[in-house]
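Undergrad: One structure is given below, represented as C-alpha cells, and several questions about it will come after.
The values are calculated or read from the model by the stated rules, or taken from the named source; none is laboratory data. Quantities reported herein were computed from a predicted structural model and do not represent experimental measurements. Don't worry about glycine lacking a Cβ; one is built from the backbone with ideal geometry, like all the others, and counts go over all protein chains shown. Protein only, heavy atoms only, side chains kept; ligands, DNA and RNA dropped before computing areas. Shrake-Rupley method; radii C 1.70, N 1.55, O 1.52, S 1.80 Å.
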Amino acid sequence: MKWPAVFDTFQQRYVTVDGVSIFVRVAGVGLPLLLLHGWPQSGLMWRKIATELSQQFTVIIPDLKGYGCSAKPPDEGGHITYSKRVMASEMVNLMQQLGHQRFAVCGHDRGARVAYRMALDHDCVSHLAVLDILPIIDHLPRIGWHGAFAAHHWFFMAQEPPVPERMIQACAVDYATRPLISGCKTAGAIEPEVLQDYQRSFADPAWIHASCEDYRAAVAADLDADRDDRESGKKIECPVKVLWAQQGGLKDHDVLAIWRDWASICSGRPLACGHYLPEELPSAVISELGVFLS
C-alpha cells in the first residue's frame with residue numbers, strides 16, 4: 001500500500017500559508033473536518049480512516065509545518081516558530097484559503113496540541129476531538145520518574161540547539177522509529193511500507209531541527225499559553241471529544257476529569273489499543289467521530 005494510492009481520491013496540493021508551504025490532501029463533502037497528525041509522523045497516519053470519513057465530511061489532511069512534505073523552516077529565535085499558537089494560526093489560515101470559515105478539527109499527539117490551541121485562540125472551531133493527550137500544563141507535572149523513561153524525548157529534544165539535533169542525526173531513523181514500535185500495541189498496525197515512508201523524512205536534518213523546536217516550544221511558549229488561559233479561566237466553548245489509549249501513557253490518569261477543567265462540553269472514553277489510535281483501531285475512531293460530529 002503506497003501512500004499515493006491510499007489518497008488517490010484526494011486532491012493533493014501545496015498551499016502557501018504565512019509564507020510557509022503546506023502540503024494538504026482534500027476530499028469529500030459535508031462538514032469540513034481538519035485532521036492533524038502527531039510526532040514523528042505525517043498526514044499519512046490518517047490513511048485508514050480518511051476515505052471512509054470523506055463519505056460523510058469534507059476531509060482536509062495537511063502535513064504540519066516541519067513534517068512530511070510541508071516546509072521545514074528554521075526557528076527564527078525564541079522557539080516561537082513551532083509554538084502551537086503559531087501553528088494553530090497557520091491551520092486556521094489554511095482552512096480559510098480552502099474556503100472554510102468554520103470547521104471541526106481532530107488531532108493526535110502533537111497535532112492535538114495544535115488543535116486545542118486553535119479552539120482556545122479562535123472562534124472558528126465547531127467541534128474538537130483530541131486523541132491521547134493532556135494539555136501541556138497538565139501533562140508535564142504528571143510524567144514522574146517512571147514516565148520519564150518513556151517520555152525522555154520531551155526533555156532531551158527541548159535542550160538548546162544544536163546538541164539534540166547532532167545526537168539525533170547520528171541515529172535519526174532508529175531514534176524516530178523507536179516510539180512508533182514501542183507505542184503501537186497492535187501488531188501490524190503500522191505497515192512496513194508506511195514505516196519506510198516515515199523513515200524517509202526522519203533522516204532530513206531540517207525535520208530533526210523542526211521536531212526539536214516543536215518540543216522546545218512545548219516547554220516554553222506552549223506552557224506559558226496554557227498557564228495564561230488557566231489563570232484567566234478561559235475554556236474551550238465548542239463540544240470536545242477525548243479518546244485515549246487504554247494501553248498508553250494516560251491509562252493511570254483521570255483523563256476526562258482533566259479535560260473537563262478545560263471544556264464546557266466534554267465526553268470521551270479509552271480505546272483498547274496503544275498510542276496510535278487511528279492506525280490501531282480505525283473502525284472505533286471512525287465510529288466515535290461519526291457520532292460526535294453528527
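Undergrad: Test each condition in (1) over 17 Å from H122 (Cβ atoms); (2) modelled with pLDDT of 95 or more; (3) not acidic (D, E) for I236 and report the one that comes out false.
TA: (1)
Undergrad: Further, regarding this structure: Can you tell me how many residues in region 156-207 are touching a Cys at 6+ places or on another chain (Cβ under 7 Å) and either open to solvent by 60 Å² or more (accessible area, probe 1.4 Å) or not aliphatic (A, V, I, L, M) (or both)?
TA: 5
Undergrad: Residues of region 27-48 being over 19 Å from R113 (Cβ atoms) and in contact with a strand residue (DSSP E or B) (Cβ under 8 Å, 6 or more places away or on another chain), which ones?
TA: Hits for region 27-48 are A27, G28, V29, G30, L31, P32.
Undergrad: Do you know which of the residues in region 208-220 that are under 14 Å from I137 (Cα atoms), among the hydrophobic types (A, V, I, L, M, F, W, C) and crowded, with 19+ Cβ neighbours inside 10 Å is farthest from the chain's Cα centre (by Cα)?
TA: A217
Undergrad: Any chance region 253-275 includes a residue that's assigned to a helix (DSSP H, G or I) and either open to solvent by 60 Å² or more (accessible area, probe 1.4 Å) or of a type in the set (K, R) (or both)?
TA: Within region 253-275, one or more residues are assigned to a helix (DSSP H, G or I) and either open to solvent by 60 Å² or more (accessible area, probe 1.4 Å) or of a type in the set (K, R) (or both).
Undergrad: Within the bounds of region 7-26, is there any residue that is touching a strand residue (DSSP E or B) at 6+ places or on another chain (Cβ under 9 Å), buried (at least 19 other Cβ atoms within 10 Å of the Cβ), modelled with pLDDT under 95 and not charged (D, E, K, R)?
TA: yes
Undergrad: Kindly provide the set of residues from region 80-103 that are farther than 25 Å from D229 by Cα, touching a strand residue (DSSP E or B) at 6+ places or on another chain (Cβ under 6 Å) and open to solvent by 40 Å² or more (accessible area, probe 1.4 Å), ordered by number.
TA: Residue satisfying the conditions is Q97 alone.
Undergrad: Condition first: assigned to a helix (DSSP H, G or I) and closer than 19 Å to I49 by Cβ. Can you find one or more residues in region 198-214 that meet it?
TA: The answer is yes; a qualifying residue exists.
Undergrad: Next question, about the same structure. Here's a check for you: in region 31-79, which residue that is outside any loop (DSSP other than H, G, I, E, B) and free of Cβ contacts under 8 Å to residues at least 60 places away in the same chain is surrounded by the fewest Cβ atoms within 10 Å (Cβ to Cβ)?
TA: The residue in question is T51.
Table: residues versus (1) among the aromatic types (F, W, Y); (2) touching a Lys or Arg at 6+ places or on another chain (Cβ under 8 Å); (3) under 15 Å from V130 (Cβ atoms).
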site	(1), (2), (3)
D222	no, yes, yes
R227	no, no, no
P239	no, no, yes
Q246	no, no, no
R260	no, no, yes
L277	no, no, yes
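Undergrad: Answer with yes or no whether L223 is under 18 Å from the mean Cα position of the chain (by Cα), free of Cβ contacts under 8 Å to residues at least 60 places away in the same chain and assigned to a helix (DSSP H, G or I).
TA: no
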